[in-house]
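The structure under discussion appears below in the form of structure tokens.
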Amino acid sequence: MTAPLRIIFGTFGTLGEVQPVFAIAETMRARGHEVVVLAPAIYEQGARALGFEFSAICSAEWHERFISQKLLWDRTAGYPLLARGVAEMVEPTYEAVRAHHAPGRTVLVLSWMFLGGRIACDALQIPAVTMHPSPAVFRDHLDPPVLPPLPLAKNAPRWNGFWFRAVDLLMDRLLAGPVNRLRARLGLPRVSRLLKDWVHSPDRVIGLFPSWFAPIQQDWPQQTVLTGFPLYDGGQDVSLSPALSRFLDDGPPPVAFFTGTGIRHAASFFNTAVQMCEAAGHRGVLLSSFPENFSATLPPSVHVEAYAPFSQLLPRVAAFVHHGGIGSIAQALSAGTPQIAVPSAFDQADNGARVERLGVGISLPPRKFNVRRGVEALRLVLSEDCLRACAATRALLRDVHPREQTADLIERAFAEPRRSAA
């Protein structure tokens with residue numbers, strides 16, 4: 001590029017949504033562009049430590065109340081709760097983009113949940129890129145994502161179309177009102193079936209995963225390009241804590257357990273994890289920043305840690321049992337570590353199904369995650385067949401440069417003529 005651009009990143013959610021933003025933002029800044037991060041206030045310290053300009057779209061207290069709702073992580077109740085939270089952010093996210101927009105040199109890089117930014121794309125005629133960390137947000141009538149409780153089926157386009165329309169009707173009831181009220185004030189036409197097409201930028205859509213994990217399907221937006229996993233977990237300065245390093249050094253590789261950064265109601269999961277380790281004769285590492293997830297007394301063969309960078313931890317564990325988040329899956333694939341996904345909501349079940357298809361792990365619904373099934377799943381993922389599949393998949397992630405490819409596409413979104421937008 002001949003002149004630096006102003007790249008505005010808009011994101012909303014847990015650390016799994018924010019870390020890919022930080023990864024790409026670092027690459028854009030290294031190319032000489034101005035970087036602005038618009039996100040919940042809880043991420044301000046991390047963004048500023050990396051040298052980014054930052055503006056909060058909501059308070060840390062609001063964000064904490066939102067993600068700590070137990071039903072948010074329910075596979076059925078979670079969708080309307082998520083939609084209500086996203087709806088509350090429509091105007092704040094629009095105003096944040098408008099305040100930081102530099103006419104003639106801005107590019108928006110948005111999460112699908114950053115709906116105010118999508119409106120700004122139309123109202124202010126700003127070129128925009130929608131980044132999707134996982135493939136579940138894309139719909140396809142012939143090969144749909146796994147989205148319980150929806151009974152979607154492979155090669156059943158009419159059946160899947162019925163359920164997609166039902167989802168659109170529900171989500172429009174929750175989202176279209178605030179979106180269209182703001183659009184009307186700005187002189188923009190109404191939009192409907194927001195999740196079908198409108199949430200995707202007409203300029204460029206980027207899937208932050210490789211084609212061997214989820215190939216582009218015929219119903220995906222034509223402007224979609226896949227780049228790959230950004231594989232970011234905190235930058236170059238993060239390291240394992242001394243206590244965790246000592247634990248890893250003091251015995252055979254343990255099994256690591258993780259439920260995501262937003263789930264504080266996971267005591268049952270971690271209790272099962274401890275019993276699994278004892279029954280299978282493995283040591284364990286339990287990862288959560290919420291102390292209420294852990295029993296007051298744990299055996300010495302189990303270590304608790306609030307946080308650990310997966311790029312350094314996962315190569316040193318025997319297996320990884322987690323919630324099915326795309327960032328966790330990508331880091332395990334990169335480490336060649338077999339995994340067990342225990343998905344609860346949103347994209348997690350689809351991510352877990354793709355792990356199974358690759359032969360690198362198993363997906364268990366929460367209702368089936370008990371000691372007996374967990375021990376059996378550990379035995380299966382530690383088999384020679386699974387370990388060979390993990391090594392083969394790890395090799396696919398060598399010598400690829402998804403951050404640079406993504407940065408190229410963001411720059412091209414500014415340089416190329418804009419496509420028509422609703």
Self-check item: nm² value of the averaged projected area, convex hull over the Cα atoms of the range 61-131
Solution: 5.3 nm²
Quiz prompt | For the range 25-96, the fraction of alpha-carbon pairs in successive 5 Å shells from zero, as % | solution = 3, 15, 20, 19, 16, 13, 9, 4, 1
Self-check item: Gyration tensor verdict on the range 135-286 (Cα atoms; rounded if a/c is under 1.5, prolate if a/b is larger than b/c, oblate otherwise)
Solution: prolate
Quiz item: Considering the chain as a Gaussian network with a 10 Å cut-off on Cα pairs, which listed residue, Gly228, Gly284, Gly51, attains the greatest mean-square fluctuation?
Solution: Gly51
Quiz item: What is the Rg over Rh value, at two decimals, for the range 311-405, using alpha-carbon atoms and the Kirkwood definition of Rh?
Solution: 0.97
Quiz item: Out of Cys390, Leu364, Ala273, whose Cα points farthest toward the positive end of the dipole of the range 242-396 (charges: +1 Lys, Arg; -1 Asp, Glu; placed on Cβ)?
Solution: Leu364
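Counting Lys and Arg as +1 and Asp and Glu as -1, each charge on the Cβ, what is the dipole of the range 242-396 about the Cα centre in debye, to the nearest 20?
With only Lys, Arg, Asp and Glu charged at Cβ, the dipole is about 200 debye.
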Quiz prompt | Stretchable slack from Arg173 to Ala102, in nm (0.36 nm times residue separation minus alpha-carbon distance) | solution = 22.2 nm
Quiz item: Dipole of the range 242-396 (Lys/Arg Cβ +1, Asp/Glu Cβ -1, origin at the Cα centre): which of Gly374, Ser288, Leu244 lies farthest to the positive side?
Solution: Gly374
Quiz item: Hey, what number do you get for the chain at 222 nm if only DSSP H runs of n ≥ 4 count, each worth -39500 (n - 2.57), divided across all residues, to the nearest 500?
Solution: -13000 deg cm²/dmol
Quiz item: Taking the Cα centre of the chain as the origin, how large is its charge dipole in debye, to the nearest 20, when only Lys and Arg (+1) and Asp and Glu (-1) carry charge on their Cβ atoms?
Solution: 940 debye
Exercise. In vacuum, with every alpha carbon of the range 242-396 counted as one equal point scatterer, what does the Debye formula give for log10 I(q)/I(0) at q = 0.20 Å⁻¹? Two decimals, please.
Key: -1.34
Exercise. In nm, give the distance between the simple-model label positions of Thr76 and Ala184, each being 7 Å from the Cα along the Cα-to-Cβ direction.
Key: 3.4 nm
Self-check item: Cβ-defined net charge surrounding Pro230, 13 Å radius [Lys, Arg +1; Asp, Glu -1]
Solution: -3
Quiz item: What length, rounded to one decimal in nm, is gained on full extension from Glu356 through to Val400, with 0.36 nm per residue of separation minus their alpha-carbon distance?
Solution: 13.5 nm
Quiz prompt | Mean Cβ count within 10 Å, highest first, over the residues of peptides 273-281, 310-318 | solution = 310-318, 273-281
Self-check item: Estimated inter-spin distance, Asp249 and Arg48, nm [label 7 Å along Cα→Cβ]
Solution: 3.6 nm
Quiz item: What do you get for Rg/Rh over the range 68-205 if you use C-alpha atoms and the Kirkwood form of Rh?
Solution: 0.99
Quiz item: Want the number for Ala296 to Ala30: 0.36 nm per residue separation, take away the alpha-carbon distance, what's left?
Solution: 91.2 nm
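FYI, it's all coordinate maths here, none of it is from the lab. All values reported here derive from a predicted model rather than from experimental measurement. Cβ: placed from backbone, ideal geometry, glycine included. Neighbour counts: every protein chain shown.
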